[in-house]
Amino acid sequence: MSLPEVKSRIEAACRAAGRPASSVSLVAASKGQSLDSIWEVLDQGHRLFGENRVQEAERRWPPLRAKYPGVKIHCIGHLQTNKVREAVQIFDVIHTLDSVRLADALQEEMEKQSRKLPCFIQVNTGEEPQKGGVTPKELESLFRHCRDAHLPVEGLMCIPPHHEIPDTHFALLHKLAQGLGVKQLSMGMSADFETAIRYGATHVRVGTALFGIRENAKAV
Ligand SMILES: *Cc1c(COP(=O)(O)O)cnc(C)c1O
């Protein structure tokens, strides 16, 4: 799919849900994609990207940022505590906050760099052992901890289990966000972004539908 096609599908899903198109941001998930395919999307005017790894983001984005003003990079992959310095330098938003330890490290680093990044707490809605995120039960205590530490938590993020219908996970994330009074929902990928929009997604993270199959499957 081309960028205009993905955008028009997002707009159609917004219309169907009675939401303004401006209420959903397309985060172009560029992990494992070639520079050529990223350039193509940049040249069409897109500026919001999601990266999974600090190293790949650091390698790739500083020169592209210099050339394309207005680029924003969101961290959508698991973030290790020992990478927070680089992460706070290179990212604009963190979607994958999932522990007190990471929250404290981010808070300290943001203070050091005088750079406050909005954060999303990742919720492991399917409670899968191999997946990042807090369980729905653990969410409230992490949220309170962040609030007390003045870490700006603006939303929740989830990646539903691969082989399940995502609806119940999206609905759960929506409900959890309402309960906490946070407004942003990062959910929906290539296969299900329209469904996510129906359940209130404000950020859809779309990779393969936009760029095609990833060159570097290991980056997944
Ligand atoms: C890779 C990835 C995406 C994009 O997945 P596609 O199925 O290629 O659209 C979205 N979110 C996260 C966290 C990812 O790791």
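Quick note: the coordinates plus some simple rules give every number you see, no bench work behind them. Predicted model, so just to flag it, every value in this text is computed and none were measured. Cβ coordinates were reconstructed from backbone atoms using ideal geometry, including for glycine residues, and neighbour counts include every protein chain displayed.
For this structure, a couple of remarks:
- Residue tally, condition of a type in the set (G, A, S), surrounded by fewer than 19 Cβ atoms within 10 Å (Cβ to Cβ) and either in a loop (DSSP other than H, G, I, E, B) or away from the ligand (no atom under 16 Å from the Cβ) (or both), over the range 8-30: 8
- Unmet criterion (only one of (1) touching a strand residue (DSSP E or B) at 6+ places or on another chain (Cβ under 6 Å); (2) crowded, with 18+ Cβ neighbours inside 10 Å) for V182: (2)
- Residue among H169, H203, H150, H163 that alone is exposed (fewer than 12 other Cβ atoms within 10 Å of the Cβ) and under 28 Å from D104 (Cα atoms): H150
- Extreme residue, nearest to S186 (Cα to Cα), among residues of the range 108-125 that are surrounded by 20 or more Cβ atoms within 10 Å (Cβ to Cβ) and of a type outside the set (A, V, I, L, M, F, W, C): Q122
Per-residue answers, yes or no, for (1) assigned to a loop (DSSP other than H, G, I, E, B); (2) among the hydroxyl-bearing types (S, T, Y); (3) within 16 Å of the ligand (Cβ to nearest atom):
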| residue | (1), (2), (3) |
| --- | --- |
| G32 | yes, no, yes |
| W39 | no, no, no |
| H46 | yes, no, yes |
| F49 | no, no, yes |
| Q55 | no, no, yes |
| R60 | no, no, yes |
| R65 | no, no, no |
| P69 | yes, no, no |
| I73 | no, no, yes |
